[in-house]
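What follows is a set of notes on a single structure, which appears directly below.
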Amino acid sequence: MKHLLPKLAFSPDALTPFVSEETLAYHHGKHHAGYVEKLNGLVASTDLQDLSLTELVQRATGPVFNNAAQHYNHSFYWRCITPGDGKQPSGELLQAIERDFGSMAKLKEAFTSAAKTHFGSGWCWLVEDSAGRLRVRTSDNAGCPLVDGEAPLLTCDVWEHAYYIDHRNDRARYVDLFWSAANWDFAALALATPTDVEKLILA
Ligand code: FE2
């Protein structure tokens, strides 16, 4: 099975000032594409070549894990951002957020703080844990919550390559602007239909 770079679901100039067309050209077109190319090279003609991306993330180690998880994490991230229209969570997702964080404001505060203070390269996530509770966490480097049996709902890439062109070293500004692009419709789908997530992010 050949792994493919998913297309962005939005125009590359639609997310300024959060991320610019130039950032997306590098982030999607070079960094993410590079992980996909390396992954294909690593699994070709091995017993890993027929595993799905989720299976690779859950089972692989070393360079195969790193490139598979970065392919998964980036594909997930592209669905978590969308041209903003001020939409907020509703329905089942909002109920779960209020149950486990108290309010949307408290969730945003926890996520923003975790994303801003995560040391070095990694990811900030809203996940549903194995007990069915929502929580905020980060992961180092290529780390992915699937490995810990958690279902990702929303992520923000905090590797420098995600923000350096637009915001230089100011990760805090990038994280604050993330909320203008957060795709709550996708997070709601990920919560409602976790088994469809791989298909959704690779479409
Ligand atoms: Fe990235």
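The values are calculated or read from the model by the stated rules, or taken from the named source; none is laboratory data. Because the structure is predicted, anything quoted here is derived from the model rather than measured. So basically every Cβ, Gly included, is an ideal-geometry build from the backbone, and we count neighbours across all protein chains shown. With ligands, DNA and RNA removed, areas are computed over all heavy atoms of the protein, side chains included. Shrake-Rupley method; radii C 1.70, N 1.55, O 1.52, S 1.80 Å.
Restricting to region 135-166, and then to whatever is more than 13 Å from the ligand (Cβ to nearest atom) and open to solvent by less than 10 Å² (accessible area, probe 1.4 Å), can you tell me which residue is farthest from Thr16 (Cα to Cα)?
Once the filter is applied, the top-ranked residue is Pro145.
Find the residue count for region 109-123, including only residues that are open to solvent by less than 60 Å² (accessible area, probe 1.4 Å) and either within 16 Å of the ligand (Cβ to nearest atom) or among the aromatic types (Phe, Trp, Tyr) (or both).
Of the residues in region 109-123, 7 are open to solvent by less than 60 Å² (accessible area, probe 1.4 Å) and either within 16 Å of the ligand (Cβ to nearest atom) or among the aromatic types (Phe, Trp, Tyr) (or both).
Do any residues in region 1-29 that are part of a loop (DSSP other than H, G, I, E, B) have Cβ atoms under 8 Å from those of residues that are within 14 Å of the ligand (Cβ to nearest atom) and open to solvent by 50 Å² or more (accessible area, probe 1.4 Å), where the two are at least six apart or on different chains, and which pairs are they?
From region 1-29, the pairs are Pro12/Ala25; Ser20/Ile165.
What number of residues in region 54-92 are within 16 Å of the ligand (Cβ to nearest atom) and of a type outside the set (Phe, Trp, Tyr)?
Adding up the residues that qualify gives 13.
Would you check if there is a residue in region 24-44 being more than 16 Å from the ligand (Cβ to nearest atom), at pLDDT 95 or above and of a type in the set (Ser, Thr, Tyr)?
Checked against the condition, which is being more than 16 Å from the ligand (Cβ to nearest atom), at pLDDT 95 or above and of a type in the set (Ser, Thr, Tyr), region 24-44 yields no hits at all.
Restricting attention to region 80-108, which residues are within 20 Å of Asp157 (Cβ to Cβ) and open to solvent by 30 Å² or more (accessible area, probe 1.4 Å)?
Thr82, Pro83, Gly84, Lys108 - these are the residues of region 80-108 that are within 20 Å of Asp157 (Cβ to Cβ) and open to solvent by 30 Å² or more (accessible area, probe 1.4 Å).
So Ala187 ticks every box in (1) of a type in the set (Gly, Ala, Ser); (2) assigned to a helix (DSSP H, G or I); (3) out of contact with any helix residue (DSSP H, G or I) (no Cβ under 9 Å at 6 or more places or on another chain) but one. Which box is left unticked?
Single failed check for Ala187: (3).
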